[in-house]
């Protein structure tokens, strides 16, 4: 058998459709619109990012497809290839792209090569898409640059669930920040599998675990129960199976039933703020679907939304989330709406007036097993802290005072310390030193940030290895010291919760 040969093609974007450039066939029992819907979405998405060039690798070995091929497609009568194509997207024209790649390969030192390659990626690289040799579902592992942070007036995007991903082209390392997407094939995977696969990309980045392919997720999910019959061809996964897959891959599945709007929105906000991609189970009539969350859109300036008198949950700033929907593509905007006390998502399809409305029924959040404190428990702890502050104000001032706001999220301890050094509200070096030399950290911290018009922000650091009944507060961090009332209140609360004040 002849050895496969590589071919690299530079193509001007926009002259022909992606399907034509890649010479894709249409399945005999399907339509082009159905088979290439996700590919057309990818094409539209990169066009909006300013794509001008494509580079196509004709022979690419993709781990996910290789695994799927091994357990399923290699056993078909039709001889499906195990190799894929990969197409890269750039925001410069082919002549400029060729010149830049040649310039980068001429670097004289490794440091200069890495630095210049990173700068080149930041300026021109938009991501890549693996094209599988499956006519009815060609879009494989696809990682595209997220939308810009700034959006229409008054809003901001936050893609904390995205990952830093690397690729190589003609010897040059390329980097892009995004969350991996691929379409379901109904052979190895359905929507639940692909949603879990996307969400676990971010979980794996946090703990540097092994990558799970769609085939592995489906096999682990169906290891002990088969509510829908045979695992492959896949007819979907139940909630139990999804939790089983997450557990078997070394993560703790936190599953929430979303009965109330405020709590559902708060859980989404805290998970995204923590950089953890949740999987959402949504329903429309008798149809159920699963999507992975990549980011959210929030108010640029905080707008108070009271969940109780004088209690303001900053999760109210969330107006929309961005989801990976394997039926269409990555980063679809889903507006958040309240209906009958429940959270609904209005998913608007790109380049279409069609809007789908779904009710959110469950949120599945894959956590590190050392995190025992759930997001629901963290929110309840935040509410308790706010009420405690109101009680102290009542005793000191004779009134509960002004509206008190809170944020809550989970972060690695070293990431929190880095935020004090490099974040928007930088803390003095002496405070960081005292914190690191006097407070023992759990691997992950539960952080409740409380602020008000008459108070400087106070961060309560909670031990995530403890439980709600025996919750342990590690420290109160007070980066700013301009208000005497904050100082008095912080010391009163430190005594109440048996921890020290770091200021």
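Apart from one condition, residue 14 fits all of (1) over 22 Å from residue 351 (Cα atoms); (2) part of a loop (DSSP other than H, G, I, E, B); the exception is (1).
Residues being modelled with pLDDT of 95 or more and either assigned to a strand (DSSP E or B) or more than 27 Å from residue 44 (Cα to Cα) (or both) are entirely absent from the stretch 302-312. Only one entry of 355, 403, 359 meets the criterion of being under 20 Å from residue 449 (Cα atoms) and not assigned by TED's automatic domain parsing to the domain that holds residue 140, and that entry is 403.
Results for (1) within 22 Å of residue 59 (Cα to Cα); (2) crowded, with 24+ Cβ neighbours inside 10 Å; (3) outside the structural domain of residue 99 (by TED's automatic domain parsing); (4) in contact with a helix residue (DSSP H, G or I) (Cβ under 9 Å, 6 or more places away or on another chain), shown as yes or no for each residue.
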| position | (1), (2), (3), (4) |
| --- | --- |
| 169 | yes, no, no, yes |
| 194 | no, yes, yes, yes |
| 204 | no, no, yes, no |
| 207 | no, no, yes, no |
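Buried (at least 24 other Cβ atoms within 10 Å of the Cβ), within 27 Å of residue 38 (Cα to Cα) and without any contact (Cβ under 8 Å) to a residue 60 or more places away in the chain: does that describe residue 334? So residue 334 fits the description; yes. Only one entry of 143, 131 meets the criterion of being more than 17 Å from the chain's Cα centre (by Cα), under 15 Å from residue 329 (Cα atoms) and not assigned by TED's automatic domain parsing to the domain that holds residue 247, and that entry is 131.
Of the residues contained in the stretch 334-344, none is found to be under 17 Å from the mean Cα position of the chain (by Cα) and either closer than 30 Å to residue 394 by Cα or not in a strand (DSSP E or B) (or both). State whether the residues of the stretch 204-213 include one that is within 28 Å of residue 80 (Cα to Cα) and at pLDDT 95 or above. No, the stretch 204-213 has no match at all.
Every test in (1) over 26 Å from residue 140 (Cβ atoms); (2) touching a helix residue (DSSP H, G or I) at 6+ places or on another chain (Cβ under 6 Å); (3) not in a strand (DSSP E or B) is passed by residue 277 save one, and that test is (1).
Looking at the structure I just gave you, is residue 38 under 19 Å from residue 133 (Cβ atoms) and outside any helix (DSSP H, G or I)? Answer is no for this residue. Considering each residue of the stretch 239-248 in turn, none proves to be modelled with pLDDT under 95, closer than 16 Å to residue 346 by Cα and not in a strand (DSSP E or B).
All conditions in (1) at pLDDT below 90; (2) surrounded by 18 or more Cβ atoms within 10 Å (Cβ to Cβ); (3) in a loop (DSSP other than H, G, I, E, B) hold for residue 26, with the sole exception of (2). The criterion of being over 25 Å from residue 218 (Cα atoms) and either at pLDDT below 95 or surrounded by 15 or more Cβ atoms within 10 Å (Cβ to Cβ) (or both) holds for residue 318.
The values are calculated or read from the model by the stated rules, or taken from the named source; none is laboratory data. Worth saying up front: this structure is predicted, and the values here are computed from it rather than measured. Cβ atoms come from the backbone with ideal geometry, glycine included; neighbour counts cover every protein chain shown.
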